[in-house]
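What follows is a short report on a single structure.
The values are calculated or read from the model by the stated rules, or taken from the named source; none is laboratory data. The structure presented is a predicted model; accordingly, all values stated were derived computationally and were not measured. Neighbour counts are summed over all protein chains in view; Cβ atoms, including those assigned to glycine, are modelled from backbone coordinates with ideal geometry. Only protein heavy atoms, including side chains, enter the accessible area calculation; ligands, DNA and RNA are left aside. Shrake-Rupley method; radii C 1.70, N 1.55, O 1.52, S 1.80 Å.
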Amino acid sequence: MNPVFKIIAALLALILAAGIGLSIALAALYVYYAPTLPEADAVRDVRLQTPLQVRSADGRLMGEFAEERRIPVPIEAIPQQVRDAFIAAEDERFYDHPGVDVLGLARAALNLVSTGGERSQGGSTITMQLARNIFLTRERTYERKLREIFLAIRLEQELEKDEILELYLNKIYLGQRAYGIEAASRVYFGRSLDALELDEIATLAALPKAPSTTNPVTSPERAEVRRNYVLRRMLETGAIDEAAFEAAISRPVLSERHTAATEIDAHWVAEMARQMVVNLWGDEAYRRGLQVHTTIDSRQQEAANQALREGLLEYDERHGFRGPEMRIPDATLDDAEARERALKAIGAHGRLLFPAVVMNPDDDGVLRVDGGRIGEQEILPEDREWAGSPAFQRGDVIRIRPHTEGRWRLAQKPEVTGAVIAQAPEDGAITALAGGFDFFENRYDRTTQAQRQPGSAFKPLVYALALREGYRPDSTVIDAPMVFNDPALGAEWRPQNYTRRFHGETTLREALANSRNLASIRLLDRLGTGNVHQELTRFGLSRETQPNNLSMVLGTGTLTPLQLNNAYGVFASGGRLNSPWIISRIETVDGEVLYEAATERACPAPCASPEGQDLPLVASSGPLQYTDPVPVLEPGVAWQMGEMLRSVITSGTGRRALELGRSDLAGKTGTTNDYRDAWFAGFNADLVATAWIGFDDNRELGRRESGGRAALPIWTRFMGSVLSDQPDHPLERPDDLVRVAILPNGQRAPSDDAPGATNQWLLPHQIPERGHVIPGGGGDNGGNGSQQPELVF
């Protein structure tokens, strides 16, 4: 016979003999194993693993990550019925035994002997299970069982019964990565313990024996059998009466897996922060209870989500209805419970588009649908006219979304996607980030990962470098047809303006406001492509992704929405380049600060990371930790660019933003060849934001889907929402500018009140001597061009 089996058989004999012999035998075995057992006090020091949490700047939960789901609760917060259920199911004499239930062990030992050593019945008390869960391995040997028995006795000697029960109910594994009853309650039912019904409590109490096979999500039938056993045990122990038992046992097992409830929808940000923290601390980050505080403004984040989703849906409606997503079979359709389960399995999209099944085609012009948990709804003709006249059939699954005055509107999951990114100009902190329509549909973050052509949204960077070279906003270039024979381009190139029209001599301000390609190409030709290409790092851009030829000014290189937004931040911040950053502070669950960004946003007093560690970059285009800004443009140039970009809104391609009724907004549209990308990037003194729209597979958006039509409404909706309660805040004019009177021909006026002269704010190197014209001023002359392609007129 196996030596361990001999020990158990001997123990059984001692138990059955009872009396003094049992005490002596147990005492002898206890003395033998006692030196190898942990101290009972150590159980109080066991840290219940708490998840990594990512929060907004105002403390709202954006994401929670853990190897194990745990939500510890004190014993006084655990409803009595929950305690009764687990005690009835697992350890009826919990409050009576000293950690080991001798009668339970006797039953298990008798079963052991009768089956010839086969383990088929356990005798573990709640205290023994706690000892095993905290201190011992999961190996199934009888020696481990003996150690478990003696450790349970030690725990009972040192801890109160309620302490043991509290630890047990917070440590027990209940399936779906949930440890503890509060975590399990939220995973299986989406509610806290104190909101559960009796049948749901019994379902949880049924899980410790076999959490995988009695799981109510994956095995509802087996879960019901085990739940009913728990309810019967509660009845037998007097925890519930017959009426409560009958009511609970008659209810079906309805459960679905719920994810951790977040307070704001910022999953791309939470995932970005998670990667950075795990890169720093490894998997230990999931167990330390780290609190990661970010720079995200929750109000701006919600506005970004809404603006992007509304803009993508508006675009999608312009391009027609693609038909129902699927059909539900008649057998499912005729069963209300099965119908609701089917719709629940399909799920909402982007927290906005709900699945619904057509119940009654529109004989009277009204489409009647069942939305499952949102109930039966009617879709009026005016709320689906955008789709034309599709012939819906009973059983068709469509999408609907909330509309005005309690109505619902026909919708569909958009194939097009987009991004919104916002930063604070003063330090580059990311305050809002929406990387697409629905994170759970596609986790690809388009703000930091999508390398797209910016189109004309790139032009302001070239114009800013021109101002540094001595050009003024009223310097002129020629907007006229041209042909280039450029070996670097590989063919003859005939660029065109968007309107296919030409405007002759035009100022830089007018050329930028109206996005005139030909004038912009001539400006770059004067500056020299090599010179401009070399200077792109001033805006935080990589030269490797930008072409070193004249097409550069038209935005034929690639960058991410975050990179473009950060570049525009140079104008909004007075000429300083910031590194975009997102984590302001990391602390443990006990409040110990592990990292703090050295900026006033994170801590008013001088501060640094106590652990002395930098936060690693997620990817080459991703945010990193805060660094001090770097001056890259003269403050006066940045202000002049702000004024020129204000003209885009007041008189150029961004006029739609005038609907906000503000005078402090500046920005630029961007549209690429064949309408593959649409952009708007803009700012005031408080906020810089960029909206982009396009397809992940780079297909065409469609004719006339320009930046002003497709992206600007997203930007306008976002800025209008976040600035609605803020006064106008234009860029402050810096001290390096001088007020100068300039004549229409570009010469400096002999006096400030000379006839026809206009007063301009210029940098010293932009001011011409009286009677002279500065390079590029008053005509198509000047410049510091380098070797360029041959121009053929």
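Scan segment 721-746 for residues that are open to solvent by less than 40 Å² (accessible area, probe 1.4 Å) and under 30 Å from the mean Cα position of the chain (by Cα) and jot them down.
Matches in segment 721-746: 722, 723.
Against the definition (under 22 Å from residue 65 (Cβ atoms), at pLDDT below 90, small (Gly, Ala, Ser) and open to solvent by less than 20 Å² (accessible area, probe 1.4 Å)), how does residue 178 come out, yes or no? Before the answer, list the steps.
Values: under 22 Å from residue 65 (Cβ atoms): yes; at pLDDT below 90: yes; small (Gly, Ala, Ser): yes; open to solvent by less than 20 Å² (accessible area, probe 1.4 Å): yes.
Yes; evaluated as a whole, the condition is true for this residue.
Taking the options 348, 336, name whichever one is open to solvent by less than 50 Å² (accessible area, probe 1.4 Å) and either touching a Cys at 6+ places or on another chain (Cβ under 6 Å) or without any contact (Cβ under 8 Å) to a residue 40 or more places away in the chain (or both).
Numbers: 336 fails: open to solvent by less than 50 Å² (accessible area, probe 1.4 Å).
On inspection, the qualifying residue turns out to be 348.
Here is a check on your reading of the model: is residue 472 of a type in the set (Lys, Arg), part of a helix (DSSP H, G or I) and farther than 22 Å from residue 679 by Cα?
Numbers: of a type in the set (Lys, Arg): yes; part of a helix (DSSP H, G or I): no; farther than 22 Å from residue 679 by Cα: yes.
So residue 472 fails the test.
Quick one: count up the residues across segment 63-105 that are outside any helix (DSSP H, G or I), under 23 Å from residue 199 (Cα atoms) and open to solvent by 40 Å² or more (accessible area, probe 1.4 Å).
Residues of segment 63-105 that are outside any helix (DSSP H, G or I), as a first pass: 63-74, 78-79, 91-101.
In the following step, the residues that additionally are under 23 Å from residue 199 (Cα atoms) were identified as 69-74, 78-79, 91-94.
Checking which are open to solvent by 40 Å² or more (accessible area, probe 1.4 Å) leaves us with 69, 71-72, 74, 92-93.
Going through segment 63-105 one residue at a time, the tally reaches 6.
For residue 645, indicate whether it is part of a helix (DSSP H, G or I) and either open to solvent by less than 10 Å² (accessible area, probe 1.4 Å) or polar (S, T, N, Q) (or both). So that I can check it myself, show each step before the final result.
Numbers: part of a helix (DSSP H, G or I): yes; either open to solvent by less than 10 Å² (accessible area, probe 1.4 Å) or polar (S, T, N, Q) (or both): yes.
Taking the combined requirement at face value, the residue satisfies it.
Checking residue 565 against (1) open to solvent by less than 10 Å² (accessible area, probe 1.4 Å); (2) touching a helix residue (DSSP H, G or I) at 6+ places or on another chain (Cβ under 8 Å); (3) within 26 Å of residue 675 (Cα to Cα); (4) not aromatic (Phe, Trp, Tyr), which test does it fail?
(2) is the only condition that residue 565 fails.
Of 342, 304, which residue is under 28 Å from residue 716 (Cβ atoms) and either among the aliphatic types (A, V, I, L, M) or surrounded by fewer than 18 Cβ atoms within 10 Å (Cβ to Cβ) (or both)?
Details: 342 fails: under 28 Å from residue 716 (Cβ atoms).
Checking each option against the conditions leaves just 304.
Can you find, within segment 402-413, the residue that is modelled with the lowest pLDDT among those that are open to solvent by 20 Å² or more (accessible area, probe 1.4 Å) and of a type outside the set (Val, Ile, Thr)?
If we take residues in segment 402-413 being open to solvent by 20 Å² or more (accessible area, probe 1.4 Å) and of a type outside the set (Val, Ile, Thr), then 405 is modelled with the lowest pLDDT.
Give me the pairs, please: first residue somewhere in segment 234-247 and part of a helix (DSSP H, G or I), second residue anywhere and aromatic (Phe, Trp, Tyr), beta-carbon distance under 7 Å, and either six or more positions apart or on two chains.
Correct list of pairs: 235/245.
Can you tell me which of (1) open to solvent by 90 Å² or more (accessible area, probe 1.4 Å); (2) free of Cβ contacts under 8 Å to residues at least 12 places away in the same chain is the one residue 751 doesn't meet?
Every listed condition holds for residue 751 apart from (1).
Is it the case that some residue within segment 223-230 is in a helix (DSSP H, G or I), surrounded by fewer than 19 Cβ atoms within 10 Å (Cβ to Cβ) and basic (Lys, Arg)?
No, every residue in segment 223-230 fails to be in a helix (DSSP H, G or I), surrounded by fewer than 19 Cβ atoms within 10 Å (Cβ to Cβ) and basic (Lys, Arg).
May I ask you to list the residues in segment 568-596 that are modelled with pLDDT under 95, open to solvent by 10 Å² or more (accessible area, probe 1.4 Å) and farther than 15 Å from residue 295 by Cβ?
Passing the criteria: 587, 588, 589, 590, 591, 592, 593.
Please go through segment 369-394 and pick out each residue that is surrounded by fewer than 18 Cβ atoms within 10 Å (Cβ to Cβ) and out of contact with any Phe, Trp or Tyr (no Cβ under 8 Å at 6 or more places or on another chain).
Once the filter is applied, which keeps residues that are surrounded by fewer than 18 Cβ atoms within 10 Å (Cβ to Cβ) and out of contact with any Phe, Trp or Tyr (no Cβ under 8 Å at 6 or more places or on another chain), segment 369-394 yields 373, 375, 376, 380, 381, 382, 385, 389, 391, 393, 394.
Might you let me know whether segment 363-385 holds any residue that is farther than 28 Å from residue 264 by Cβ, under 32 Å from the mean Cα position of the chain (by Cα) and at pLDDT below 90?
There is no residue in segment 363-385 that is farther than 28 Å from residue 264 by Cβ, under 32 Å from the mean Cα position of the chain (by Cα) and at pLDDT below 90.
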